[in-house]
Amino acid sequence: MPWTLTVSELNDYVRRALASDPSLRFLSLRGEISDFKKYSSGHWYFTLKDEACMIQCVCFRQYNMRLDFRPENGMKVVLTGAVGLYAERGSYQFYAESMTRDGVGELYLKLEALKNKLMKEGLFDVTRKRPLPLLPRAIGVVTSRSGAVIHDIATVTRRRYPAMQIILRPAQVQGEGAAEDIAAGIAEISALPQVDVVIVGRGGGSMEDLWAFNEEIVVRAIAACPVPVVSAVGHEVDVTLSDLAADVRAATPSVAAEVCVPEKAALLATIQKLRESLERAGQNAILARQSRLALCEKRLAARHPAALLRTAHAQADLFAHRLQALMERRLTLLSARVSTLSDQLTALGPRQALNRGYAILMDGKQPVTRVDQAKKDMTVLLQDGSIRVQALDIRKEDPFGQEASLV
């Protein structure tokens, strides 16, 4: 399924894509000016062309005010700036931040070549950027002793954190030998054990004035610095290779001091909040442990020998009551059973037989129940007494039959 976008979404996507490409963010463009127009706002709009192609360009008022000449149609110039998209019209154009007459173009070509070389080596990679320390022990500054940079940095630092130490390594920031002096200054001041961050900078100026901060020796010194580096070169519109190599690029020296030095009041407020948070955490931890201790004490008390003994006695009493009740129920059942059996035995016993008119023949203490057991002298038990008898005739026969045999 194709990707469906609105016109606004497409233009915004292309605009962001152009803005995120580092190769299009800082480049130089050579050509001839045509269709030059200056509006009442002070902005310049024109076309830059060569033998085959052309591109729309704009130079806003804050940038063109710094030029010492007035562009004209047909003039050959070198622009420095970025490629972007005017989303409302969907037109891509070049946003010029500086302009020189063609002839200084060799500097831009040299700058572009060095920039591409160092970019391929990874010196400008975002992954190399290091975070600044929260509260540095000391700030090293590499700049001119007489310029406004050190004054601006000191003023902002005293306002934000009066006790912060600033160590200046004076350096030549313009002209022959400036690049070597700046690079040496970065190496020297970063070697001091108390320096946790280095600010490298100078005030604004033309591209030629700032050229020392585009030199390879300075860029490599910034990249090799063992502590984070903040670049504060020129004004906000000025971009040098030192800015690209530094861990942080500040628009001005004052901004550099602000990003390096925390506000003491804000820091103390943060410490107070952290202290309060720590105290709350400690109190909560104590309460949690007290609760756990109370639970352990309760469990320990439940397992104390005396408690176990009381529990065993209670269980023994319970078992005794249960056993007593069980025995009583059992005895009751057995008593009932015995009574029933006694009644049955009584009903089936010899006395009932005697009461019904029967007699029992006894040989001593043994009842005579068969003819073979009969003796000469025997006793007859009746309901109301006994009779001693002698057997005159003993016969073995069915007592209820017709036949009988004489023994």
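Tell me, what is the FRET efficiency for Arg356 and Arg395 to the nearest 0.05, using R0 = 35 angstrom and their Cβ-Cβ distance as r? Kindly include the intermediate steps, with their values, before the conclusion.
Details: r = 25 Å, r/R0 = 0.71.
Plugging the Cβ-Cβ distance into 1/(1 + (r/R0)^6) gives 0.90.
What label, among (1) 58, 53, 42; (2) 178, 61, 40; (3) 65, 56, 37, belongs to Cα extents along the principal axes in Å computed from the structure on display?
Here the calculated entry is (2).
For the residue pair Tyr45 and Asp102, what label-to-label distance in nm results when each label sits 7 Å from Cα along the Cα-to-beta-carbon direction?
2.5 nm
Using θ = phi - 60° and the Karplus curve 6.51 cos²θ - 1.76 cosθ + 1.60, what whole-Hz ³J(HN,Hα) does each residue of region 82-98 get, with Gly and Pro shown as x?
9, 8, x, 10, 7, 4, 4, 9, x, 10, 8, 8, 9, 9, 7, 10, 8
Could you calculate the contour length gain from Arg137 to Gln272, that is, 0.36 nm times the residue separation minus the distance between their Cα atoms, to one decimal place in nm?
On the way: separation 135, 0.36 × 135 = 48.60 nm, distance 2.10 nm.
46.5 nm is the gain from fully extending Arg137 to Gln272.
If I model region 283-357 as equal point scatterers sitting on the Cα atoms and use the Debye formula, what is log10 I(q)/I(0) at q = 0.12 Å⁻¹?
-0.66
Taking 0.36 nm per intervening residue step and subtracting the Cα-Cα distance, what contour gain separates Arg292 from Asp363 on full extension?
Numbers: separation 71, 0.36 × 71 = 25.56 nm, distance 8.96 nm.
Length gained between Arg292 and Asp363: 16.6 nm.
Would you mind telling me which residue in Asn214, Asn284, Asn355 has the biggest mean-square fluctuation in a Gaussian network model of the chain, where springs connect alpha carbons within a distance under 10 angstrom?
With Cα springs under 10 Å in the chain, the top fluctuation among Asn214, Asn284, Asn355 is at Asn355.
Rounded, prolate or oblate: pick one for region 18-107, where a ≥ b ≥ c are the square roots of the eigenvalues of its C-alpha gyration tensor, a/c under 1.5 means rounded, and failing that, prolate if a/b is larger than b/c, else oblate.
Numbers: a/c = 1.33, a/b = 1.14, b/c = 1.17.
Rounded, since a/c falls under 1.5.
With a 10 Å cut-off between alpha carbons and a GNM built on the chain, which of Gly201, Gly349, Gly177 moves the most?
In this elastic network of the chain, the residue with the biggest mean-square fluctuation among Gly201, Gly349, Gly177 is Gly349.
Using the Kirkwood radius over C-alpha pairs as Rh, can you work out the diffusion coefficient of region 352-406 via Stokes-Einstein at 4 °C, viscosity 1.567 mPa s, in µm² per second?
106 µm²/s
Counting Lys and Arg as +1 and Asp and Glu as -1, each charge on the Cβ, what is the dipole of the chain about the Cα centre in debye, to the nearest 20? Intermediate results must be reported in sequence, preceding the final value.
Values: 52 positive and 46 negative charges, 499 e Å.
Rounded to the nearest 20 debye, it is 2400 debye.
Rounded to the nearest 500, what is the 222 nm mean residue ellipticity of the chain from helices alone, with -39500 (n - 2.57) per DSSP H run of 4+ residues and division by all residues?
Rounded to the nearest 500, the figure is -14000 deg cm²/dmol.
Rounded to the nearest Å, what's the spacing between the alpha carbon centres of region 25-69 and region 307-326? Just the number, please.
Using only Cα atoms to place each centre, the spacing works out to 105 Å.
So for the chain, averaging the separation of alpha carbon pairs under 8 Å that are six or more residues apart and normalising by length, what relative contact order in percent results?
Values: 591 pairs, mean separation 36.4, N = 407.
Relative contact order here is 9 percent.
Enumerate the helices in the chain for which the Kyte-Doolittle hydropathy averages 0.0 or more and the C-alpha atoms extend at least 15 Å along the helix's axis, using complete DSSP H runs. Please list the in-between numbers first.
Details: long enough: 7-20 (20 Å, -0.20); 105-121 (24 Å, -0.51); 148-160 (18 Å, -0.05); 178-190 (18 Å, 0.83); 264-302 (56 Å, -0.08); 305-348 (62 Å, 0.23).
Helices meeting the span and hydropathy rule in the chain are 178-190, 305-348.
Using 0.36 nm times the number of residues separating Ser91 and Glu188, minus their current alpha carbon distance, what extension gain do you get?
Full extension of this stretch gives 30.0 nm more.
Nearest 5 percent is fine: what portion of the DSSP beta bridges confined to the chain is antiparallel? It would help to have the intermediate numbers written out before the result.
Working: 41 of 61 bridges.
Approximately 65 percent, going by the DSSP bridge assignments.
FRET efficiency for Lys376 and Arg330, Cβ-Cβ distance as r, R0 = 60 Å, nearest 0.05?
On the way: r = 52 Å, r/R0 = 0.87.
Efficiency, from the Cβ-Cβ distance: 0.70.
For the pairs Lys38/Lys129; Lys76/Lys117; Lys49/Lys129; Lys273/Lys298; Lys76/Lys129; Lys37/Lys120, note any where the Cα-Cα span goes beyond 31 Å. Each step should come with its number before you reach the end.
Details: Lys38/Lys129 41 Å; Lys76/Lys117 27 Å; Lys49/Lys129 38 Å; Lys273/Lys298 37 Å; Lys76/Lys129 38 Å; Lys37/Lys120 39 Å.
Distance filter (> 31 Å) returns Lys38/Lys129; Lys49/Lys129; Lys273/Lys298; Lys76/Lys129; Lys37/Lys120.
No value in this document is a laboratory result; all are computed from the given coordinates. Everything numeric here is computed off the predicted structure, so don't read it as measured data. Positions of Cβ are backbone-derived with ideal geometry, glycine not excepted, and every protein chain shown enters the neighbour counts.
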